[in-house]
Protein chains: 2
Amino acid sequence: MSGYLGCKGYLKYLGFIPVLFLALAVFMTGCRGQGDEPGKGQQPSLAAGTPDSIRQIAEARGLSQKDVEAALKTYIPSGRFDEYVLFASGGHSGQVFVIGVPSMRLLKTIAVFTPEPWQGWATGSAETHEILTGGDMPIGENRTLNWADVHHPALSETDGDYDGQFLFVNDKANARVAVIDLRDFETKQIVKNPNTISDHGASFVTPNTEYIIETTQYATPLPFHEYAPLEEYKEKYRGLATFYKFDREKGRIDESKSFSIELPPYWQDLCDSGKKVSDGWVFCNSINVEMATGGINHGAPPFEAGVSQKEADYLHVFNWKKAEEVYKAGKVNDLNGMSVIPLDTAIAEGILYFMTVPKSPHGVDVTPDGNFIIASGKLDTHATVYSFNKIMDAIKNNNVEGKDEYGVPILTFADVVEAQVEIGLGPLHTQFDADGNAYTSVFVESTLAKWRLGPPIYNGPDPWTLVEKIPVQYNIGHVVCAEGDTVAPDGKYCVALNKWSIDRFLPVGPLHPQNFQLIDISGENMQLLYDMPIGVGEPHYVQMVKADKLKPWLVYPEVGFNPMTMSVDPEAASVGNEKIVRDGNTVKIWMSAIRSHFNPEHITVNQGDKVTMYVTNVERARDATHGFAIEGYNINLSLEPGEASKVEFIADKPGVFPFYCTEFCSALHLEMMGYLLVKPSPGS
Amino acid sequence: MSGYLGCKGYLKYLGFIPVLFLALAVFMTGCRGQGDEPGKGQQPSLAAGTPDSIRQIAEARGLSQKDVEAALKTYIPSGRFDEYVLFASGGHSGQVFVIGVPSMRLLKTIAVFTPEPWQGWATGSAETHEILTGGDMPIGENRTLNWADVHHPALSETDGDYDGQFLFVNDKANARVAVIDLRDFETKQIVKNPNTISDHGASFVTPNTEYIIETTQYATPLPFHEYAPLEEYKEKYRGLATFYKFDREKGRIDESKSFSIELPPYWQDLCDSGKKVSDGWVFCNSINVEMATGGINHGAPPFEAGVSQKEADYLHVFNWKKAEEVYKAGKVNDLNGMSVIPLDTAIAEGILYFMTVPKSPHGVDVTPDGNFIIASGKLDTHATVYSFNKIMDAIKNNNVEGKDEYGVPILTFADVVEAQVEIGLGPLHTQFDADGNAYTSVFVESTLAKWRLGPPIYNGPDPWTLVEKIPVQYNIGHVVCAEGDTVAPDGKYCVALNKWSIDRFLPVGPLHPQNFQLIDISGENMQLLYDMPIGVGEPHYVQMVKADKLKPWLVYPEVGFNPMTMSVDPEAASVGNEKIVRDGNTVKIWMSAIRSHFNPEHITVNQGDKVTMYVTNVERARDATHGFAIEGYNINLSLEPGEASKVEFIADKPGVFPFYCTEFCSALHLEMMGYLLVKPSPGS
């Protein structure tokens, strides 16, 4: 075990920025050579006896024996299925990506926070608009937020294992959390935190999905919409940890049963729930215990320097079951409809403790058995391993080395740490396999490090030691391994989520894709299998679930199904009840869609009429999706087989507007159309 | 050569719908069996002598010899580049997808018509909003169209060959055309047609990109925003062919030098430009020469029946060089700022002729030598081949078999047809290889058909005959082959753009991905290599260009570069000129971004202030992109190295709003932030 602070002082304020840039400069020089001569240096060296049919292709394409093996390990023939599914946050695309492993094919983008017309998401359907506007800004005039910065997906869990039912994601940019139902892979709910505006540390679930956890990143006044100058940072700015109650039956967050815990204005970061022995506890990192407020334009140190001055930050230890009791006992304040446990109460009730972590920690990850909590300082070289039993002992014995300036007790570092393992420069996040190994992403070095845990989860020789590192291309953020953050990791595969690709792919302009690298961890040595460009967003975290845990619907279970309510809509149109009903300047239309026509095909209204359309795809065949677009009116629905949807609009533009099916649904798809005729109002 | 009408009457109105459903039902039954047992029936049968290292992987994964070959033909090792690039229209996603071949990896999504926050597209930057609103609706109050149905990408051409400079795409749903610059892979211009609202037949270019061609799909009154009832369809509804002049120097469409040609209210469909011998002419298909107006809700035949009653439709033959002369001579009407050549003038001046095509044709494709024009009726079984020389003779000799009811001369079918080749049921689109073969997508059959052309482009045995068909999974729309619609096709690869995937991929809910299937056409027989799911849109057409024709920038050429003007912005912020300037209730801010800070970091304004920010990423390193998001304010920029952008907003919400870099740009990316503090106005 190394000493208290692994960073040895060489990353101090004045020194660390040059060091980081030096590391980067070296790395850039190193990789450019490869980029300039793609393919050079790859010598085919196939095993003796390889038949000509294979050898000829490999030699023509310059594939080495390792390349051939990687090709065969990742190729999925037509009609065969991938073994695992990645759910990747889409970063500032606002969406979620679904990717098959080992083929690394993008199976679907799930529209969440950003309107997406292919899926008919918030581009005309009243239901999807209602879901999206559920996350509106809570202050002043209505503002529908139309993008997000999605960071951490969390699959629902039962007993700490993925159950394949729901997926939760957060919006760092606006402090929102969304619920996706994995029966139809569609977003069902978006919740805006009424008191904070920034939530990097989300979403994380408790082991039976009792709660979805969201922590504030950048501290603001509490609530954020009450102005306070930065001079009052320590007094008025605060963080929050919010525990959203999940109603699994309804498939929705129940805000009325959710609560927040007030926190000091550090920048709370990622969390992980305790599991098995440590169930009932949650661990969240933080940075900026300096409470730096930046101000480079006033001559103050910039945030990058001010936030990184101290040798250690605080890992937050929450007793969430105790917090739930305190909340249920009513020891809370109401703040804009959210119950908030005051910081003093959290301290007094034994809900919150700190542990020091060197230095500027990012990830925190609990081992599959729940015994250890691993945190890594991104300006450190170690993974620091805390023992849950030691934490419990320290709490029981009030073994603290002080309090922070808000009175939160700080557990004695030396008595809660189990080990510090030398990993490399800039360790971030850790996942696990089934054999007692940990896999940590190392950002500054651009490597993935495999290392051994210790007893009781690993009982072999050389515990708490580095095993192997593999270079990645480049700048790895998170790493994900197969079910690697659950109580039962699978091993087999890890994916390095690299933020930069630089020279790995054909150039596509100044905005480069990210690079997901699939790594085989089943053998003696880690083997790079595949580079997948992500040219549609910047994923931050990913979870990898066994495909057979997912049981999605292939079509909606009944005709007239409303995906928002997940039941048959009593207002849905059906074959035989198609009609147009006028009442004053209100026009209601019930419309069916089937290959290859809509009914009705002619809709004549007056300019200014309020039009409501109920459109149902009455098909039962798998993949028989219909679109429904009205030209010039910003309306496009995607109606999967059985789906019913509602459209509401004012017919404000006069003229003749074709509507049509935007899916190539049949040989006669171009003929699946009709006309909306809008008679001009006399005055227009 | 077959007789006049290849469809032999069995697809007549009363009969064809059941026939199509029968075909579909059989096919559905056939494919379901495969879906229920993925992987079954695949027997590894590797060539004798295959070494154990390869055999073990192949057997463990159930790969046959053919699978192994396909894997090796498509695998790209890390850092090696794909050989071709697909530019795929994104259908109703409104975007364009860039895909590498043979790996079939999605390299990038180009934001075009739909806001996309990862790229900072129309989510805060004033420049991108200006480009998007360039395509606003031309009538009444402003309505920014926020989605599109992108159908046909067209790469810019020089002498009929791709030159890698620009890409044009259309929006079928709103009749718009966009220009993408392939130096930075960003959209530069969106143009709304002021007179039509529906433009399936676009974009197509003339051989030196003189014009970008757009034809109306669904006829409307001319202009579409003048109401006329469907009873006046024949009198008042019209189609248009619009020729947008492209200014290659400026990289923009010049609307002031563009013109339209008035057309009968048939539904004009796809086009292709003549090339080489046929340069100067454009060929566009049409359907609905019946001028059916539907009305199932009034007891009239639905469009799907009414549009398909006749045995033949009209292929439009345009003399665009003559049209340009007529336009320049001023023989036009002005209609909402667009010069329109009246239909009578087009006829009188010899600009427009018709040729009959059996039946409900869709695609039209000119052979690489320019000698033949191939059209296929989707309710027919043939590819009908027209001879350009015969067309010229017929025009010269006024060899017509009649006129349509608007007076357009119809060239005598028997005298312009070179051949009719029996292909299969539902042929749609045709591409070419370098050896005189054509590849036609056959929708109803779900096959790709390879067939021989004839002299002078193919001079071997058995001209105009089918060679081979390969099944595809399922419902192929377009097909693309390597440079397969240019004067110099490459052969090697085709991609089948299948609209349905059904059982090909892991289920991801009721909305299934499309399926791009890569097919090796270099050998004796076509070989299916790879299934690529498209889970992010519904591509319609694709072009495949040799990667080395593209010369994109890796970073912007200078710091302070404005991608909209493609030059250094005189207002751009730079290091040293960062500042905040207040003038009344207007606040202007010049901000720089570099790893890992913004300058300024503190911005304090009053509620209601009008804020303008000039933000520059001053980095020069490849991939050193910075984001710039203001929380709660719907603002996110993507600033590539060197890029400058402008943000304008009203600080209408009081409170404290962190701003931060949304790219994981460095180890200290979380620290790259600042605060926007909005003091509440006294009255709020």
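The values are calculated or read from the model by the stated rules, or taken from the named source; none is laboratory data. These numbers were taken from a predicted model, which means no experiment stands behind them. Don't worry about glycine lacking a Cβ; one is built from the backbone with ideal geometry, like all the others, and counts go over all protein chains shown. Side chains included, ligands, DNA and RNA excluded: accessible areas come from the protein's heavy atoms. Shrake-Rupley method; radii C 1.70, N 1.55, O 1.52, S 1.80 Å.
The condition (being more than 27 Å from A:Ile190 (Cα to Cα) and either basic (Lys, Arg) or open to solvent by less than 10 Å² (accessible area, probe 1.4 Å) (or both)) is satisfied by just one residue among A:Lys245, A:Lys276, A:Lys257: A:Lys276.
If you check B:Val408, B:Val442 for being at pLDDT 95 or above, among the aliphatic types (A, V, I, L, M) and more than 30 Å from B:Ala348 (Cβ to Cβ), only one passes: B:Val442.
Is it the case that the stretch B:326-349 has a residue that's touching a helix residue (DSSP H, G or I) at 6+ places or on another chain (Cβ under 9 Å), within 21 Å of A:Leu670 (Cβ to Cβ) and among the polar types (S, T, N, Q)? No, every residue in the stretch B:326-349 fails to be touching a helix residue (DSSP H, G or I) at 6+ places or on another chain (Cβ under 9 Å), within 21 Å of A:Leu670 (Cβ to Cβ) and among the polar types (S, T, N, Q).
Can you work out which of the residues in the stretch B:562-590 that are among the hydrophobic types (A, V, I, L, M, F, W, C) and in contact with a helix residue (DSSP H, G or I) (Cβ under 8 Å, 6 or more places away or on another chain) is nearest to B:Val611 (Cα to Cα)? This residue is B:Ile580. Per the conditions (1) closer than 30 Å to B:Glu619 by Cβ; (2) crowded, with 22+ Cβ neighbours inside 10 Å; (3) not small (Gly, Ala, Ser), the sole criterion not satisfied by A:Tyr493 is (1).
Scanning the stretch A:138-182 for residues that are within 23 Å of B:Phe659 (Cα to Cα), open to solvent by less than 10 Å² (accessible area, probe 1.4 Å) and of a type in the set (A, V, I, L, M) turns up A:Leu145, A:Ala148, A:Val150, A:Val169, A:Ala173, A:Ala175, A:Val177, A:Ala178.
Conditions tested, residue by residue: (1) closer than 23 Å to B:Lys378 by Cα; (2) modelled with pLDDT of 95 or more.
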site	(1), (2)
B:Gln268	yes, yes
B:Gly280	no, yes
B:Met291	yes, yes
B:Ala300	no, yes
B:Gln309	yes, no
B:Asp313	yes, yes
B:Lys321	no, yes
B:Gly330	no, yes
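Looking at A:Thr384, A:Thr367, just one residue is touching a Pro at 6+ places or on another chain (Cβ under 7 Å), surrounded by 24 or more Cβ atoms within 10 Å (Cβ to Cβ), within 25 Å of A:Val205 (Cβ to Cβ) and touching a residue at least 60 places away in the same chain (Cβ under 8 Å), and that residue is A:Thr384. Scanning the stretch A:71-93 for residues that are of a type in the set (A, V, I, L, M, F, W, C) and either within 7 Å of chain B (Cβ to nearest Cβ) or more than 16 Å from A:Arg105 (Cβ to Cβ) (or both) yields A:Ala71, A:Leu72, A:Phe81, A:Val85.
Among all positions in the stretch A:291-304, there is no residue which is out of contact with any strand residue (DSSP E or B) (no Cβ under 7 Å at 6 or more places or on another chain), away from every other protein chain (no Cβ under 14 Å) and surrounded by fewer than 19 Cβ atoms within 10 Å (Cβ to Cβ). Tell me, yes or no, whether the stretch B:628-641 has at least one residue that is out of contact with any helix residue (DSSP H, G or I) (no Cβ under 6 Å at 6 or more places or on another chain), more than 7 Å from every other protein chain (Cβ to nearest Cβ) and of a type in the set (Gly, Ala, Ser). Among the residues of the stretch B:628-641, not one is out of contact with any helix residue (DSSP H, G or I) (no Cβ under 6 Å at 6 or more places or on another chain), more than 7 Å from every other protein chain (Cβ to nearest Cβ) and of a type in the set (Gly, Ala, Ser), which makes the answer no. Of the residues making up the stretch A:225-237, those that are over 17 Å from B:Gly632 (Cβ atoms) and more than 7 Å from chain B (Cβ to nearest Cβ) are A:Glu231, A:Glu232, A:Tyr233, A:Lys234, A:Glu235, A:Lys236. Pick from the stretch B:670-684 the residues that are outside any strand (DSSP E or B) and open to solvent by less than 10 Å² (accessible area, probe 1.4 Å): which of them is nearest to the other protein chains (Cβ to nearest Cβ)? Step by step, filter the stretch B:670-684, then rank; the result is B:Glu671.
Scanning the stretch B:66-85 for residues that are open to solvent by 30 Å² or more (accessible area, probe 1.4 Å), of a type outside the set (Lys, Arg) and assigned to a helix (DSSP H, G or I) gives a single hit, B:Glu69. The set of residues from the stretch A:502-532 being facing chain B (nearest Cβ under 7 Å) and either within 15 Å of B:Met104 (Cβ to Cβ) or among the aliphatic types (A, V, I, L, M) (or both) comprises A:Ile502, A:Phe505, A:Leu506, A:Val508, A:Leu511, A:Pro513, A:Leu528, A:Asp531, A:Met532.
Please specify each residue of the stretch B:650-669 satisfying the condition of being over 30 Å from A:Pro513 (Cβ atoms) and at the interface with chain A (Cβ under 7 Å from one of its Cβ atoms). Passing the criteria: B:Asp652, B:Lys653, B:Pro654, B:Gly655, B:Val656.
The set of residues in the stretch B:421-434 that are open to solvent by 20 Å² or more (accessible area, probe 1.4 Å) and touching a Pro at 6+ places or on another chain (Cβ under 9 Å) contains only B:Ala434.
Within the stretch A:205-239, the set of residues being open to solvent by 20 Å² or more (accessible area, probe 1.4 Å) and aromatic (Phe, Trp, Tyr) comprises just one member, A:Tyr227.
Screening the stretch A:142-167 for residues that are aromatic (Phe, Trp, Tyr) and under 21 Å from A:Asp181 (Cβ atoms) and picking the one that is nearest to the other protein chains (Cβ to nearest Cβ) gives A:Phe166.
Restrict the check to the stretch A:445-463 and report whether at least one residue is aliphatic (A, V, I, L, M) and touching an Asp or Glu at 6+ places or on another chain (Cβ under 6 Å). Yes: the stretch A:445-463 contains one or more residues that are aliphatic (A, V, I, L, M) and touching an Asp or Glu at 6+ places or on another chain (Cβ under 6 Å).
Evaluation of B:Gly134 against the conditions (1) at pLDDT 95 or above; (2) out of contact with any Ser or Thr (no Cβ under 7 Å at 6 or more places or on another chain); (3) more than 11 Å from chain A (Cβ to nearest Cβ) shows that the sole unmet condition is (1). If you go through the stretch A:576-586 and keep only what is within 8 Å of another protein chain (Cβ to nearest Cβ) and either part of a strand (DSSP E or B) or in contact with an Asp or Glu (Cβ under 6 Å, 6 or more places away or on another chain) (or both), you end up with just A:Ile580. Scanning the stretch A:191-204 for residues that are open to solvent by 10 Å² or more (accessible area, probe 1.4 Å) and of a type outside the set (Lys, Arg) yields a total of 2. Would you check if A:Arg55 is open to solvent by 10 Å² or more (accessible area, probe 1.4 Å), out of contact with any helix residue (DSSP H, G or I) (no Cβ under 6 Å at 6 or more places or on another chain), at pLDDT below 95 and more than 9 Å from chain B (Cβ to nearest Cβ)? Yes: the conditions hold for A:Arg55.
The residue list A:Glu418, A:Glu401 contains one member that is of a type outside the set (A, V, I, L, M), surrounded by 21 or more Cβ atoms within 10 Å (Cβ to Cβ) and either in a strand (DSSP E or B) or modelled with pLDDT of 95 or more (or both), which is A:Glu418.
Residues to consider are B:Gly62, B:Gly94, B:Gly164; find the one that is of a type outside the set (Ser, Thr, Tyr), assigned to a loop (DSSP other than H, G, I, E, B) and farther than 30 Å from B:Thr50 by Cα.
Details: B:Gly62 fails: farther than 30 Å from B:Thr50 by Cα; B:Gly164 fails: assigned to a loop (DSSP other than H, G, I, E, B).
Among B:Gly62, B:Gly94, B:Gly164, only B:Gly94 is of a type outside the set (Ser, Thr, Tyr), assigned to a loop (DSSP other than H, G, I, E, B) and farther than 30 Å from B:Thr50 by Cα.
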